[in-house]
Amino acid sequence: MEQVDAVVVGAGVVGLAIGRALAQRGLETLVLESENAIGTGISSRNSEVIHAGLYYPAGSLKARLCVQGRQLLYAFCESHGVPHQRCGKLVVATDDSQLAGLDALMGKAAANGVHDLRRLNAAEALALEPQLACVGAILSPSTGIIDSHGLMLALQGDLQRAGGDVALSSPVQRIVCGSERHVLQVGGDEPMDLAARTVINAAGLWAPRLAAVTEGLGPTHVPRAHFSKGNYYALAGRAPFSRLVYPLPQDAWLGVHLTLDLGGQARFGPDVQWLPDVAESPLDYVVDPARAAGFYADVRRYWPGLPDGALQPAYSGIRPKIHSRDQPAPDFRIDGPREHGVAGLVNLFGIESPGLTSCLALADEVLARLR
């Protein structure tokens, strides 16, 4: 039987960050990925935004790890040459009834430790973005954008320089927990056994499924998986904006927002399309052109100049929900030995936004929970 110190299941941005942290602490670490490339799921199908930490309840993991993670991520990008841009973001109110919501968001951000926001009136916002339509706004100067694949390659490079590695096309069929070590059955038709003292389930969409086939983990520690698809549409032509533009958030959904890539191309999304709880494999990432019809009215509330026919299907992503459409969005769920009683095992559930921003802080949090 092959044996290593630590195994991380899932080579997305969070799994690679955790693997890097384990390897840099001297553990022989292997990151297992079921696909034939790193980060093909959630990590490469998102808005690629570095969030400031405005939206999340004070004291939550999402709030704390986003603020910590944003600072760590900007420093990592600078030191590793990862393409990024601190472009800033405007959160806009499009009618007077939303102005109180901006003030509430300012208060929530301050409680989370975000102190660089500026409250703008309509004239000040339009001075920054003349094509905008709003009655007030918040400027978040520390919001940015990042090349998510470049980030993952940099994390993988650090992992490998520290003696760790990534094994692609290596699905995990089952985990058997033991008192001294855990045994993973890895592979397809003829799986091999791999033993490790430390196992991190960072399998994203499939983390609940992996937890369900972990012998020694009680069923009360396995959440039910839900799947929410978000569709994005690209703008034909160059956008007349230099910052990201977000409407005032609605519950856990941040609304159809305008984001930019590092080349200046604008895209709008995501929307919310709940999928059946039993997701089909392979997942359906096709973007229906007809769904763009609902985007025009949402976008024109803050950009009336959006031309007819300007939105083209771009891509979609599927979020790893652990709540249904009728339930409030929960916090990140990180279950370590204190939660489930299994030494050396950590399960990460519901790691959606701001997971990309929080990846380095999430890695530190996971290591702390192993102690």
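The values are calculated or read from the model by the stated rules, or taken from the named source; none is laboratory data. The structure presented is a predicted model; accordingly, all values stated were derived computationally and were not measured. Neighbour counts run over all protein chains shown; Cβ positions are idealised from the backbone, glycine included.
Going by what's in this entry, would residue 17 be described as on the phi < 0 side of the Ramachandran plot and either over 15 Å from the mean Cα position of the chain (by Cα) or not assigned by TED's automatic domain parsing to the domain that holds residue 366 (or both)? Show your work before the answer.
Numbers: on the phi < 0 side of the Ramachandran plot: yes; either over 15 Å from the mean Cα position of the chain (by Cα) or not assigned by TED's automatic domain parsing to the domain that holds residue 366 (or both): no.
Answer is no for this residue.
Here are 127, 110: which of them is without any contact (Cβ under 8 Å) to a residue 40 or more places away in the chain, among the aliphatic types (A, V, I, L, M), under 23 Å from residue 353 (Cβ atoms) and not in a strand (DSSP E or B)? Full working, then the answer.
Values: 127 fails: under 23 Å from residue 353 (Cβ atoms).
Within the list 127, 110, the selection yields 110.
In the range 70-91, is there at least one residue being surrounded by 15 or more Cβ atoms within 10 Å (Cβ to Cβ) and either at positive phi or modelled with pLDDT under 95 (or both)?
yes
Within the set of pairs 6 or more residues apart or between chains, which connect a residue that is exposed (fewer than 11 other Cβ atoms within 10 Å of the Cβ) inside the range 287-316 to a residue that is of a type in the set (Phe, Trp, Tyr) with Cβ atoms less than 9 Å apart?
308/296
Residues of the range 267-286 being under 27 Å from residue 88 (Cβ atoms) and surrounded by fewer than 17 Cβ atoms within 10 Å (Cβ to Cβ), which ones? Step through it out loud before you land on a result.
So in the range 267-286, the residues under 27 Å from residue 88 (Cβ atoms) come out as 267-272.
Of everything in the range 267-286, just one residue is under 27 Å from residue 88 (Cβ atoms) and surrounded by fewer than 17 Cβ atoms within 10 Å (Cβ to Cβ), namely 272.
Within the range 296-308, is even one residue under 30 Å from residue 128 (Cβ atoms) and in a strand (DSSP E or B)?
First, the residues of the range 296-308 that are under 30 Å from residue 128 (Cβ atoms): 296-308.
Retained after the next criterion (residues that are in a strand (DSSP E or B)): none.
No, the range 296-308 has no match at all.
Against the definition (in contact with a Phe, Trp or Tyr (Cβ under 8 Å, 6 or more places away or on another chain), polar (S, T, N, Q) and outside any helix (DSSP H, G or I)), how does residue 312 come out, yes or no?
Values: in contact with a Phe, Trp or Tyr (Cβ under 8 Å, 6 or more places away or on another chain): yes; polar (S, T, N, Q): yes; outside any helix (DSSP H, G or I): yes.
In short, yes.
With respect to residue 82, is the statement that it is over 17 Å from the mean Cα position of the chain (by Cα), closer than 24 Å to residue 319 by Cα and not hydroxyl-bearing (Ser, Thr, Tyr) true?
Values: over 17 Å from the mean Cα position of the chain (by Cα): yes; closer than 24 Å to residue 319 by Cα: no; not hydroxyl-bearing (Ser, Thr, Tyr): yes.
Taking the combined requirement at face value, the residue does not satisfy it.
Restricting to the range 39-55, name every residue that is surrounded by fewer than 20 Cβ atoms within 10 Å (Cβ to Cβ) and in a helix (DSSP H, G or I).
44
For the range 175-215, give me the residue count where each residue is in contact with a helix residue (DSSP H, G or I) (Cβ under 9 Å, 6 or more places away or on another chain) and over 26 Å from residue 20 (Cβ atoms).
Total satisfying the criteria: 1.
Could you check, for the range 19-31, whether at least one of its residues is under 19 Å from residue 150 (Cβ atoms), at pLDDT 95 or above and assigned to a loop (DSSP other than H, G, I, E, B)?
No, that holds for no residue.
Given (1) assigned to a helix (DSSP H, G or I); (2) crowded, with 19+ Cβ neighbours inside 10 Å, identify the lone condition not met by residue 134.
Single failed check for residue 134: (1).
Can you pull out every residue in the range 56-69 that is surrounded by 24 or more Cβ atoms within 10 Å (Cβ to Cβ) and assigned to a loop (DSSP other than H, G, I, E, B)?
56
Are any of the residues in the range 74-86 within 18 Å of residue 261 (Cα to Cα), aliphatic (A, V, I, L, M), touching a helix residue (DSSP H, G or I) at 6+ places or on another chain (Cβ under 8 Å) and part of a loop (DSSP other than H, G, I, E, B)?
Checked against the condition, which is being within 18 Å of residue 261 (Cα to Cα), aliphatic (A, V, I, L, M), touching a helix residue (DSSP H, G or I) at 6+ places or on another chain (Cβ under 8 Å) and part of a loop (DSSP other than H, G, I, E, B), the range 74-86 yields at least one hit.
Is one or more of the residues making up the range 230-241 of a type in the set (S, T, N, Q) and outside the structural domain of residue 272 (by TED's automatic domain parsing)?
Going through the range 230-241, the residues of a type in the set (S, T, N, Q) turn out to be 231.
Add one more test, that the residue is outside the structural domain of residue 272 (by TED's automatic domain parsing), and what stays is none.
Within the range 230-241 (the criterion being of a type in the set (S, T, N, Q) and outside the structural domain of residue 272 (by TED's automatic domain parsing)), the answer is no, since none of the residues qualifies.
May I ask you to list the residues in the range 217-247 that are surrounded by fewer than 20 Cβ atoms within 10 Å (Cβ to Cβ) and out of contact with any strand residue (DSSP E or B) (no Cβ under 7 Å at 6 or more places or on another chain)?
Listed by number, the residues that qualify are 218, 219, 220, 224, 237, 238, 240, 242.
Are there strands (runs of 3 or more DSSP E) fully within the range 153-211 with at least 1 residues that are in contact with a Ser or Thr (Cβ under 6 Å, 6 or more places away or on another chain), among the aliphatic types (A, V, I, L, M) and in contact (Cβ under 8 Å) with a residue 12 or more places away in the chain? List them.
172-176, 182-186
If you check 350, 341, 355, 264, which single one turns out to be assigned by TED's automatic domain parsing to the domain that holds residue 14, surrounded by fewer than 16 Cβ atoms within 10 Å (Cβ to Cβ) and small (Gly, Ala, Ser)? Even if it seems obvious, please write down each step before you answer.
Numbers: 350 fails: surrounded by fewer than 16 Cβ atoms within 10 Å (Cβ to Cβ); 355 fails: surrounded by fewer than 16 Cβ atoms within 10 Å (Cβ to Cβ); 264 fails: assigned by TED's automatic domain parsing to the domain that holds residue 14.
From the options 350, 341, 355, 264, the qualifying one is 341.
Among the residues of the range 333-371, which ones are in contact with a Lys or Arg (Cβ under 7 Å, 6 or more places away or on another chain), part of a loop (DSSP other than H, G, I, E, B) and over 16 Å from residue 228 (Cα atoms)?
336, 344
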